[in-house]
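Undergrad: Take a look at the following structure, please.
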Amino acid sequence: MAGNDISRSIQTQRVGGTFPAAGRPNLRGVSVELVTEHLRLRALTSDDLHDLHDRVFSDPDVTWDGTTGTLEDTRRSLEAKIRHVDEHGFGMMAVTDRRTGELYGFAGLQHMEGGPDVEIGYYLARRAWGRGLATELGHALVDMAFGELKLTRVVAVVRPENTASQNVLAKLGFRRVGVEHHYGAEVELWTRSAS
Ligand SMILES: CC(C)(COP(=O)(O)OP(=O)(O)OC[C@H]1O[C@@H](n2cnc3c(N)ncnc32)[C@H](O)[C@@H]1OP(=O)(O)O)[C@@H](O)C(=O)NCCC(=O)NCCS
């Protein structure tokens, strides 16, 4: 399933709506949703708070640095993600099951540490692992980055021990360029340029 590129390219769709994209007229019209074979990526809302907290932010195996926080910490993170979309016209989106609507986590493109680089990120609840879903949504995000957003480069930072995420990046055509310091840690920097 993870390598099912043909069905991905056929079934990835852009679905209506626009983000405000304040101050970035070149990004007006960016899709508010991405639909892939098994997933629907839609705008995050405050209604996602409890599911996100329970399934993502409370599980040390799912958070970026293995730490978990309070519901208020999750609320602040969620608000920051929604604000990024309001300000830039793109950002992290809710990852949901296309058929049932169940929230699996979040993923998207965002400015790394304020920019100008744009990074790809994906965080899925444990129940969604091992089904090729990160690869599937990653392909849709790469298409959006080099298509609609007209980016020339996308970066990713990943902890050296996070083999699963590195495998996803490799399958998406990213290559490892070295070790750098980001988000307070020594991380691997991976990049992919528009082909
Ligand atoms: C990393 C993560 C997104 C992977 O999601 P996923 O949907 O399970 O990944 P996929 O099923 O698309 O797998 C992609 C590849 O990685 C491999 N992989 C998956 N989990 C793995 C693991 N724990 N160890 C090693 N390889 C793994 C798969 O085998 C697959 O390769 P293959 O198709 O050649 O077999 C998911 O584990 C997760 O959300 N983890 C916590 C958050 C996180 O680490 N985010 C990334 C931060 S940089």
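Undergrad: Quick one: what are the phi-derived ³J(HN,Hα) couplings along segment 105-113, Karplus 6.51/-1.76/1.60 with θ = phi - 60°, whole Hz, x for glycine and proline?
TA: Working through the residues one at a time gives x, 9, 6, x, 10, 8, 5, 7, 6 Hz.
Undergrad: Starting from segment 148-193, pick out the chymotrypsin sites (Phe, Trp or Tyr not before Pro) whose DSSP state is loop and whose Cβ has at most 15 other Cβ atoms within 10 Å. Mind showing how you got there, number by number?
TA: Working: sites: Phe174, Tyr183, Trp190; in loops: Phe174, Tyr183.
Passing both the DSSP loop test and the Cβ count: Tyr183.
Undergrad: Please state the relative contact order of segment 41-122 as a whole percent: Cα pairs under 8 Å, 6+ residues apart?
TA: In percent, rounded to a whole number, it is 27.
Each reported figure results from applying straightforward, stated rules to the coordinates on display, with no laboratory input. Everything numeric in this text was worked out from a predicted model, so none of it was measured. Ideal geometry is used to build each Cβ from the backbone, glycine not excepted, and the neighbour counts take in all protein chains shown.
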